[in-house]
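The values are calculated or read from the model by the stated rules, or taken from the named source; none is laboratory data. Only a predicted model underlies this, so the values are computations on that prediction, with no experimental measurement involved. Cβ coordinates were reconstructed from backbone atoms using ideal geometry, including for glycine residues, and neighbour counts include every protein chain displayed. What goes into the accessible areas is simple: the full protein's heavy atoms, side chains included, and nothing from ligands, DNA or RNA. Shrake-Rupley method; radii C 1.70, N 1.55, O 1.52, S 1.80 Å.
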Amino acid sequence: MDSVVEDEKKHDQRLEETMKILEDGDDQCLQKKIKIKKRPPRCHDDDDDDDDDEGVCVQEKKKLMMKKMMDKAICSSPHATPELPVILRNRIKALGGSDVTFVIQKPLFKSDVRLSQNRLSIPLNQIQQSFLTPEESERLNSGGNGKKCADMEVMLIEPSLHRETISLRKWDMKKASGNSTSMYVLVTNWNSVVRRNSMSKDETVQLWSFRIKSKLGFALVKRRLQDDPRNSSLRGILDN
């Protein structure tokens, strides 16, 4: 009888010790869980905390850096100065030209190729570099609008390398809101330029200026078909 009682006491003692160990173990596990929860998120196992910056993992930082680089490239590309094709540069040089300047790149609007309008629009707010002398600018600003505008006769070297005499004018276009949009236009023989070079709506062109003994001239370059979102605000005005 005494041996049975003794065995029960030993059993109860071992059970109590086991429960205590389990309880201690649970506390340690709980502490680990709390500690892990407080750690910043990681993309992979790494014991070096110096690689983390405010909880951002290495892969996330690489993605962020790549995105910034792409954004910078996209933002800067519309304003980057392109290269004038060598054949046009050589033609300008052969004519004694210099001071080659990139003026604008834009898609052709419907109004730019419509025969009844016979002109190429050059919005002032999209011009990349100034190409007029103060005297030329003053002369174009002195005119009104339409046929009464002051103008300048200039040489235009077409994509086909044909040379055309064309007129440069400045127009002030009024919007329905009451504001106005100013632009330069190439007029007079523009329809002939469109026909000879098979130009069409939405085709992207570049306009370059140059000087021959201080006299202003232009060179026109055809680019691949594309649209420039910077021109979208002017479509309603120009195509009416």
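For region 171-200, name all the residues that are more than 19 Å from ARG114 (Cα to Cα) and assigned to a strand (DSSP E or B).
The answer is ASP172, LYS174, SER180, THR181, SER182.
Among the residues of region 99-127, what is the count of those that are in contact with a helix residue (DSSP H, G or I) (Cβ under 7 Å, 6 or more places away or on another chain), open to solvent by 20 Å² or more (accessible area, probe 1.4 Å) and in a loop (DSSP other than H, G, I, E, B)?
Within region 99-127, residues that are in contact with a helix residue (DSSP H, G or I) (Cβ under 7 Å, 6 or more places away or on another chain), open to solvent by 20 Å² or more (accessible area, probe 1.4 Å) and in a loop (DSSP other than H, G, I, E, B) number 3.
Hey, GLU135 hits all of (1) in contact (Cβ under 8 Å) with a residue 12 or more places away in the chain; (2) open to solvent by 10 Å² or more (accessible area, probe 1.4 Å) but one; which does it fall short on?
(1)
Within the set of pairs 6 or more residues apart or between chains, which connect a residue that is at negative phi inside region 175-188 to a residue that is open to solvent by less than 60 Å² (accessible area, probe 1.4 Å) and at pLDDT below 85 with Cβ atoms less than 8 Å apart?
Taking only residues 6 or more apart or on different chains, the pairs are LYS175/THR181; LYS175/ILE237; SER180/MET173; THR181/MET173; THR181/LEU234; THR181/ILE237; SER182/MET173; MET183/MET173.
Go through region 97-134 and count every residue that is at positive phi and of a type outside the set (D, E, K, R).
Step one: of region 97-134, the residues at positive phi are 99, 118.
Adding the requirement that they be of a type outside the set (D, E, K, R) leaves 118.
Here the count works out to 1.
Would you confirm whether any residue within region 169-180 is open to solvent by less than 10 Å² (accessible area, probe 1.4 Å) and either at pLDDT below 80 or of a type in the set (Gly, Ala, Ser) (or both)?
The answer is no; no qualifying residue exists.
What is the residue count in region 208-226 for residues that are open to solvent by 90 Å² or more (accessible area, probe 1.4 Å) and modelled with pLDDT under 50?
Counting residues in region 208-226 that are open to solvent by 90 Å² or more (accessible area, probe 1.4 Å) and modelled with pLDDT under 50 gives 1.
Among the residues of region 142-154, how many are surrounded by 12 or more Cβ atoms within 10 Å (Cβ to Cβ) and at pLDDT below 95?
Here the count works out to 6.
Is it the case that some residue within region 72-83 is closer than 19 Å to GLN206 by Cα and at pLDDT 95 or above?
Checked against the condition, which is being closer than 19 Å to GLN206 by Cα and at pLDDT 95 or above, region 72-83 yields no hits at all.
Which one of these does VAL205 not meet: (1) modelled with pLDDT of 95 or more; (2) buried (at least 18 other Cβ atoms within 10 Å of the Cβ); (3) farther than 13 Å from LEU108 by Cα?
(3)
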